[in-house]
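Every number here is computed from the coordinates shown, using simple stated rules; none is lab data. If you're wondering where the values come from, they're calculated on a predicted model, not measured in any experiment.
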Amino acid sequence: MTASQDCPLDIVRSPAELRGRVRAWQAAGQRVALVPTMGALHAGHLALVTKGLDQADVAVASIFVNPKQFGPGEDLERYPRDEAGDAAKLAGAGCSLLYAPDVATMYPPGFASFVRVAGLPDLLCGRVRPGHFDGVATVVAKLLSAAQADVAVFGEKDWQQLAIIRRMAADLDIGTQITGCGIVRDTDGLALSSRNAYLSADERAAALALPQALIAARGAILSGLPVAAALAAGSRRLKGAGFGSIDYFELADGETLHSLGTPATGARLLAAAVIGKTRLIDNIAL
Ligand code: PAF
């Protein structure tokens, strides 16, 4: 589909069309950035497009709500979808093409391959979302391989996902450079997320405890409190604010994601917790 008044952005729906368009730009000497998303776009996603355009001449976004990364009982069915609205936002951000395949195109009958990075997916979110990162690695491998873009941009809010994608791209000799983009936050500090749309007003107010607890833990560790005590205080703060299960509140190495008991260069504070029925994640550098 070419851009029109109804749809301000060209949309392609097959890997062959995507590859053809990217190849044509590259043949004309232009660098292409790919921005993979699941849609329901917010300013955080548009920052990925901007970052892509810092490093390339043309930005291409993909929207695909990937069933393979949702576990049983997760929010696959109710995940927000708004292709027309997303296309308008992408066009406004300077994106040149949207790749929006359907499930049958991505996973046709007989599809039988999985990409699994060893180790990293078993930590942090992987402990409570078994198989999630295999679904992510599989779909991202497919998107990178179809597009063969020069650069691909992923948000740092899902720090573990970014670490896994970097590992996979390096291990599989994928020629696309993987770039992270800093977290975009609301004015009060809550990291933007498509899932914030699920929060009631009360939950939205309470959710602010997540970035605040991370910042407080960083301050405590940097002023000499033992890491374990700072992390326990962070978890207590989340509980006190009304979070239900706290999946983790950890200090970890930014690359290996291994837990750290003492501060170290490249360390990251990461947390995931559930407020109401919504699971939120966030992280900050130490
Ligand atoms: O971060 C996301 O939006 C998704 O996990 C991704 C990388 C687009 C894969 O489906």
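Compute the helix-to-body angle for 227-241: its Cα long axis versus the longest principal axis of the chain, expressed 0 to 90° and rounded to tens.
Compared with the principal axis, the helix lies near 80 degrees.
Going by alpha carbons, how many degrees (0 to 90, nearest 10) lie between the helix axis of 43-55 and the longest principal axis of the chain?
60
Of the beta bridges DSSP finds with both residues in the chain, what % are antiparallel, to the nearest 5? Provide the component values of the computation, followed by the final result.
On the way: 17 of 36 bridges.
Counting only bridges with both partners in the chain, antiparallel ones make up about 45 percent.
Taking every pair of distinct Cα atoms and averaging 1/r, then inverting, what Kirkwood hydrodynamic radius in Å comes out for the stretch 177-286?
Computed over Cα pairs of the stretch 177-286, the Kirkwood hydrodynamic radius comes out at 14.2 Å.
Work out the count of Lys pairs in the chain where the Cα-Cα distance is under 24 Å, with the pair 8 or more places apart or on different chains.
11
Write down, largest first, the equivalent ellipsoid semi-axes of the chain in whole Å, where each equals the square root of 5 times an eigenvalue of the alpha-carbon gyration tensor.
Numbers: eigenvalues 221, 82, 67 Å².
Gyration-tensor ellipsoid for the chain: 33, 20, 18 Å.
From Cα pairs below 8 angstrom and at least 6 apart in sequence, can you work out the relative contact order of the chain, rounded to a whole percent? Each step should come with its number before you reach the end.
Working: 519 pairs, mean separation 48.1, N = 286.
This gives 17 percent for the chain.
Roughly how many Å is it from the Cα centre of the stretch 225-260 to that of the stretch 70-148, as a whole number?
28
Build a GNM of the chain with springs between Cα atoms under 10 Å: which of Asp171, Asp158, Asp150 gets the top mean-square fluctuation?
Asp171
With axes computed from alpha carbons, what is the tilt in degrees of helix 159-171 against the longest principal axis of the chain, rounded to the nearest 10 within 0 to 90?
For 159-171 against the chain, the angle is about 50 degrees.
What are the residues whose amide H is under 5 Å from the amide H of Ala40, where those residues sit 5 or more places off or on another chain and H is modelled from the backbone?
Counting only residues 5 or more places away or on other chains, the set is Asp82.
Of Ile221, Ile165, Ile63, which has the largest mean-square fluctuation in a 10 Å C-alpha GNM of the chain?
Of Ile221, Ile165, Ile63, the most mobile in the Gaussian network model is Ile221.
Most mobile of Leu124, Leu251, Leu260 per a Gaussian network model of the chain (Cα springs, under 10 Å)?
Leu260
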